[in-house]
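Undergrad: Dumping the structure here so I can ask a few things about it.
Here, each number is a calculation from the coordinates, and none is a lab measurement. The shown structure was predicted, so the numbers you read here are calculated from the model rather than taken from an experiment. Please note: Cβ atoms are built from the backbone with ideal geometry, for glycine as well, and neighbour counts cover all protein chains shown.
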Amino acid sequence: MAEYHLKGPLTDEDVTKLKIGDTVYISGECFTCRSRLQKYIFDENNVLPFDTENRNILIHNGPIVIKENGKWKLVSFMPTSSIRFEKWGAKSVSEWNLKMIVGKTTMGEETAKMMKDKKCVHVSPRSVSPNLWIDSIEVQDVFLYDELGRIEAAWFFKLNDLGPFIVDIDCEGNNYFDHLDKDIEHKKNEALNNLGIDDSFEFTKLY
């Protein structure tokens, strides 16, 4: 498994070399998004008020940002779970011309199919380090602040070697967590076998 330090805007060449399990650090410009922004654009038919051609990295994140001396200051940052946004995943990849989505966990089959078609990847944090990452992020701007509120607005960030992230969906549609689930199931069955526990075994239910 390889390690890459990539700088946006990302190209097809940048992302097609990434394989599930690889480690990635990210530099360059990106924007944030949560459910309200996607609902505002895709369900309510509003127009995204900025261009994503040269800002093709999306982070599923609702940052904590305050204003100090007339400037935005990032207080806390941590990607949120991407699977929550599977409803809009394929559309966001296609219509926003994304090359990378950053978020915890992973995404579903429809998004993975679109990522394969459009050459896009999903990466997930290898660690939980919201305050350690602040020094790697510069707040540039914010859009739809009044319409969506501070957490749900689209924030523009400039990243400086932010990471580490693991590639969990690659451009071939492979999903790291699917492979992990199969491995876990195999090892679980192997362990039960070694312990002489048969197929009728059920885990204790607490409620």
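Undergrad: Reachable aspartates and glutamates from K67, Cα under 17 Å, same-chain residues fewer than 8 places away excluded?
TA: Correct list for K67: D135, E138, D141, D146, E152.
Undergrad: What ranking of V128, V167, V142 emerges when the number of other C-beta atoms within 10 Å of each C-beta is taken as an exposure proxy, fewest first? Before the final figure, lay out the partial values.
TA: Values: V128 9, V167 24, V142 18.
Fewest-to-most ranking of V128, V167, V142: V128, V142, V167.
Undergrad: Let me have the 222 nm mean residue ellipticity of the chain computed from DSSP H runs of 4+ only, each contributing -39500 (n - 2.57), with the sum over all residues rounded to the nearest 500. It would help to have the intermediate numbers written out before the result.
TA: Working: 6 runs with 52 residues, N = 207.
Helices in the chain give a 222 nm mean residue ellipticity of -7000 deg cm²/dmol.
Undergrad: Which value, in Å to one decimal place, does the Kirkwood hydrodynamic radius take for the range 73-171 when every pair of different Cα atoms is included?
TA: Numbers: mean 1/r = 0.0695 Å⁻¹.
Here the Kirkwood hydrodynamic radius works out to 14.4 Å.
Undergrad: Tell me whether the range 3-176 comes out rounded, prolate or oblate; compute the Cα gyration tensor, take square roots of the eigenvalues as a ≥ b ≥ c, and use a/c under 1.5 as the rounded threshold.
TA: Numbers: a/c = 1.71, a/b = 1.21, b/c = 1.41.
Because a/c hits 1.5 or more and a/b fails to exceed b/c, the range 3-176 counts as oblate.
Undergrad: Can you check what the Kirkwood hydrodynamic radius comes to for the range 49-123, Cα pairs only, in Å to one decimal?
TA: Numbers: mean 1/r = 0.0753 Å⁻¹.
Averaging 1/r across every pair of different Cα atoms and inverting gives 13.3 Å.
Undergrad: Which whole-number percentage describes the relative contact order of the chain, with Cα contacts under 8 Å and a sequence gap of 6 or more? Display every interim value, and only then the final one.
TA: Numbers: 427 pairs, mean separation 53.2, N = 207.
Taking the mean separation of contacting Cα pairs over the length of the chain, I get 26 percent.
Undergrad: Which ordering of I197, I20 is given by a fewest-first count of other beta-carbon atoms within 10 Å? The partial results should precede the final answer.
TA: On the way: I197 11, I20 20.
Ranking I197, I20 by Cβ neighbours within 10 Å, fewest first, gives I197, I20.
Undergrad: Counting other Cβ atoms within 10 Å, which GluC sites (Glu not before Pro) in the range 53-99 have at most 11 and lie in a DSSP loop?
TA: When the GluC sites (Glu not before Pro) of the range 53-99 are filtered for loop state and at most 11 Cβ neighbours within 10 Å, E53 remain.
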